[in-house]
Amino acid sequence: MTKTILGLDKEKTNALVADLNTLLANFQLYYQNLRGLHWNIKGKNFFELHVKFEELYTDSQMKIDMIAERVLTLQGEPLHTFEDYIKVGSVPVGKSVSNDEEAVRLVVSSLTELLSIERNILEASDDANDEGTNSMMSDFIAEQEKTIWMLNAWLN
């Protein structure tokens, strides 16, 4: 078994880099959705949601940087073009969404997709004995589960 400079199995680490790049691409699409929602939201919930979407995209921006830096730590190259993001992404894209409930549903469905990717990475990073990636995914998952709960409470 060939090891990385971090002492991890090289083959498993390369697979993790690919998975993290998939997550990175999806977070970039999610981030752009949030920017669009922030700019285009209308209606009686404008002030509340305008602020919430800014909070979420600011958080996403930090997570995007963390994911890219983890890819680099694992000796990979982070995806960095919109062409790659669109090709790899599976998060639903929201175009011209201005309705409050439609916007919140888009965020929930996006987070649900991100959670699915993160859970796969969590399992793979556990198998690879990659505690750094494992810890990051655990933190992301716990936070996003709470956000989904709160947004679903708002919808109901």
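The values are calculated or read from the model by the stated rules, or taken from the named source; none is laboratory data. Fair warning: this is a prediction, and the values are worked out from it, not measured in the lab. Note: ideal-geometry Cβ built from the backbone for every residue, glycine included; neighbour counts use all protein chains shown.
Scanning the range 76-95 for residues that are of a type in the set (D, E, K, R) and more than 16 Å from the chain's Cα centre (by Cα) gives 77, 83, 95.
Number of residues in the range 116-147 that are surrounded by fewer than 18 Cβ atoms within 10 Å (Cβ to Cβ), among the hydrophobic types (A, V, I, L, M, F, W, C) and under 22 Å from residue 32 (Cα atoms) equals 1.
Taking the stated definitions as given, is residue 7 closer than 16 Å to residue 125 by Cα, loosely packed, with under 14 Cβ neighbours inside 10 Å and of a type outside the set (Val, Ile, Thr)? Answer is yes for this residue.
Filtering the range 90-127 to residues that are under 14 Å from residue 20 (Cα atoms) and polar (S, T, N, Q) leaves 90, 116, 120, 125.
Checking 56, 115, 151 one by one, the residue that is among the hydrophobic types (A, V, I, L, M, F, W, C) and touching an Asp or Glu at 6+ places or on another chain (Cβ under 8 Å) is 115 and no other. Any idea how many residues of the range 1-39 are touching a helix residue (DSSP H, G or I) at 6+ places or on another chain (Cβ under 8 Å), of a type outside the set (Phe, Trp, Tyr) and modelled with pLDDT of 95 or more? Residues flagged as touching a helix residue (DSSP H, G or I) at 6+ places or on another chain (Cβ under 8 Å), of a type outside the set (Phe, Trp, Tyr) and modelled with pLDDT of 95 or more within the range 1-39 amount to 23. Within the range 122-133, if we keep just the residues that are free of Cβ contacts under 8 Å to residues at least 40 places away in the same chain and within 17 Å of residue 14 (Cβ to Cβ), the residue that is farthest from the chain's Cα centre (by Cα) turns out to be 126.
Of the residues examined, residue 118 is one that is closer than 24 Å to residue 9 by Cα, in contact (Cβ under 8 Å) with a residue 24 or more places away in the chain and not hydrophobic (A, V, I, L, M, F, W, C). I need the full set of residues from the range 88-110 which are in contact (Cβ under 8 Å) with a residue 40 or more places away in the chain and more than 19 Å from residue 39 (Cα to Cα), in order please. Passing the criteria: 88, 89, 90, 91. What about residue 46, is it of a type in the set (Phe, Trp, Tyr), within 19 Å of residue 153 (Cα to Cα) and surrounded by 21 or more Cβ atoms within 10 Å (Cβ to Cβ)? It is false that residue 46 is of a type in the set (Phe, Trp, Tyr), within 19 Å of residue 153 (Cα to Cα) and surrounded by 21 or more Cβ atoms within 10 Å (Cβ to Cβ).
Taking the range 49-63 as the range and being among the aliphatic types (A, V, I, L, M) and either surrounded by fewer than 19 Cβ atoms within 10 Å (Cβ to Cβ) or free of Cβ contacts under 8 Å to residues at least 12 places away in the same chain (or both) as the test, the residues that pass are 51, 62.
None of 128, 153, 68, 142 is hydrophobic (A, V, I, L, M, F, W, C) and touching a Lys or Arg at 6+ places or on another chain (Cβ under 9 Å) except 128.
Here residue 66 clears all of (1) farther than 16 Å from residue 155 by Cα; (2) touching a residue at least 60 places away in the same chain (Cβ under 8 Å); (3) more than 17 Å from the chain's Cα centre (by Cα) except the condition numbered (3). The range 79-156 holds helices (runs of 4 or more DSSP H) entirely within its bounds, and those carrying 3 or more residues that are touching a Pro at 6+ places or on another chain (Cβ under 7 Å) map to 100-127.
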